[in-house]
1. Checking the conditions here, which among 197, 171 is within 30 Å of residue 278 (Cβ to Cβ), surrounded by fewer than 17 Cβ atoms within 10 Å (Cβ to Cβ) and of a type in the set (D, E, K, R)?
2. Filter segment 377-416 for residues that are within 25 Å of residue 203 (Cα to Cα) and out of contact with any helix residue (DSSP H, G or I) (no Cβ under 6 Å at 6 or more places or on another chain); which is surrounded by the most Cβ atoms within 10 Å (Cβ to Cβ)?
3. For segment 331-345, enumerate the residues that are touching a Lys or Arg at 6+ places or on another chain (Cβ under 9 Å) and not aromatic (Phe, Trp, Tyr).
4. From 183, 150, 176, grab the single residue that is in the same structural domain as residue 117 (by TED's automatic domain parsing), under 17 Å from the mean Cα position of the chain (by Cα) and surrounded by 14 or more Cβ atoms within 10 Å (Cβ to Cβ).
5. Could you please tell me which pairs satisfy a Cβ distance under 7 Å, a separation of 6+ or placement on different chains, a first residue in segment 7-21 that is free of Cβ contacts under 8 Å to residues at least 24 places away in the same chain, and a second residue that is assigned to a helix (DSSP H, G or I)?
6. Hey, among 374, 408, which residue is within 23 Å of residue 326 (Cβ to Cβ), in contact with a Leu (Cβ under 8 Å, 6 or more places away or on another chain) and assigned by TED's automatic domain parsing to the domain that holds residue 308?
7. Residue 352: closer than 23 Å to residue 414 by Cβ and either at pLDDT 95 or above or buried (at least 23 other Cβ atoms within 10 Å of the Cβ) (or both), yes or no?
Amino acid sequence: MFSGFGFIEGTSTEYEWILNCLKEKCEEFRELIKSNQIRSIDANDISGGKGFISKVYKVDITFDHFDTKPFEFIVKIPGLESLNQVLEEEHFPKHHEPNKEQENNGMQLLANIHNNEVKFYQLYSTIPNLKLLKVYGSRQWVINKQEGALIMAYSGQESFSIPLHESMNFEQMSHLIDQIFCLQTYFLLLPDQTWKETFVFPFSPDHLDGMTKLIQHNWNIVKNFVNEEVYVDISDHIDNLISNFKNICTYNTNILINKPHNTKVFVHGDLYMNNILYGKFGNDQQEENDLRIVDWQLVHAGNIGSDIARSLLTGTSPQLRHKMEESILPKFYHNIVLKATAHQVKFEMSWEMFKENYNCHFVEQSLHFLMVVAFTMHQINTSKDSQQLLEIKKKAVGMKLCTGLRDAIAICKKFNQTWISDQH
């Protein structure tokens, strides 16, 4: 029988801590161990495509009664191994080896991001109608002292996320927009607004410099698998947009958000399709394609247009996105005004300010889209598809991306031409 001691291989996360968390937080597990003894615990690394700044382990607990179904769950442990592997395999150039201070700063950023997610789950895992996976345990990462970890429900073999080369349909995206509305209005209506100081934007200007290099590298990759006529007429504007990435982010984070009558909302920060799971979750769920939102590491008090722009840009076809921008955005704004008014909460944002928020963040998100391309290409390249199918998938991602960049440039031409101007 299992002794109750030991660690997940290659980590310092103890099985004893995991079992104690399950006993405390998971009723199903408590019922199982009333009539069963644990025979074994097996943890398998399933990180490929499921996390780039974390290792994701699927853990199976088997019992002495062989007719008892194994208990399955997920343990997520933060670290740079998966990210570094992708960057190496996708040939991202290293300009120089980081010194000790830079390494420590990078690790601290990663720890802060993980601890942000831990804090979110500890404080807000029971928001009404917000679709989350159950969390059975969490531990903050204290560098050189304690490894961070999250213990979460397993979403099941049948759960899936829609790959980036495909797109959500109207119903799926509408459901996701409803979740963004649920998240934003919950925090807007809270009597205690200290969450705005608790959850802050995690990246500094120095981090944005490194992101710019990654975006430029990824754009060079994209140009290798999309037809030149798709982007040739806007090529200079795209290069200028990339070089202005830091300026765009700084404007949105420090200037736009602080304009009169603008309002900070609670932002997920990484709502693209890899972080939306579909499936049947739990015995009480009847919908086969219910959703769950995962990876809450980048949550922060931010801009009302950020999550919507990222979701629509990466999650829908350009044709559907254009239609939903016309129909969903006014409805979203109108419903927030109604909700705030009904609860006597001050909300002074005009429709024009709401649309400015969306437009400015759409421009920023078009560049963030470029940032995740390396990871998307890694998922496609490591699949077992034929070369012909690989090329079709890459072109589909490239077309969605280039159309987004074209629309971002059109926004800049109308509202802020400096973002597509050569700043050198």
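The values are calculated or read from the model by the stated rules, or taken from the named source; none is laboratory data. Please read these numbers as outputs of a predicted model, since none were measured by experiment. Neighbour counts run over all protein chains shown; Cβ positions are idealised from the backbone, glycine included.
1. Values: 197 fails: within 30 Å of residue 278 (Cβ to Cβ).
Every option except 171 fails the conditions.
2. 377
3. The initial filter retains those residues of segment 331-345 that are touching a Lys or Arg at 6+ places or on another chain (Cβ under 9 Å), namely 333, 340, 345.
Across segment 331-345, the qualifying residues are 340, 345.
4. Details: 183 fails: in the same structural domain as residue 117 (by TED's automatic domain parsing); 176 fails: in the same structural domain as residue 117 (by TED's automatic domain parsing).
Among 183, 150, 176, only 150 is in the same structural domain as residue 117 (by TED's automatic domain parsing), under 17 Å from the mean Cα position of the chain (by Cα) and surrounded by 14 or more Cβ atoms within 10 Å (Cβ to Cβ).
5. Filtered contacts from segment 7-21: 7/15.
6. Details: 374 fails: within 23 Å of residue 326 (Cβ to Cβ).
The conditions single out 408.
7. When the stated conditions are applied, residue 352 passes them.
Yes/no matrix, rows are residues, columns are (1) surrounded by fewer than 14 Cβ atoms within 10 Å (Cβ to Cβ); (2) over 17 Å from residue 155 (Cβ atoms); (3) at pLDDT 95 or above:
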{"site": "6", "(1), (2), (3)": "yes, yes, no"}
{"site": "18", "(1), (2), (3)": "no, yes, yes"}
{"site": "29", "(1), (2), (3)": "no, no, yes"}
{"site": "52", "(1), (2), (3)": "no, yes, no"}
{"site": "78", "(1), (2), (3)": "no, yes, no"}
{"site": "82", "(1), (2), (3)": "no, yes, no"}
{"site": "88", "(1), (2), (3)": "yes, yes, no"}
{"site": "92", "(1), (2), (3)": "no, yes, no"}
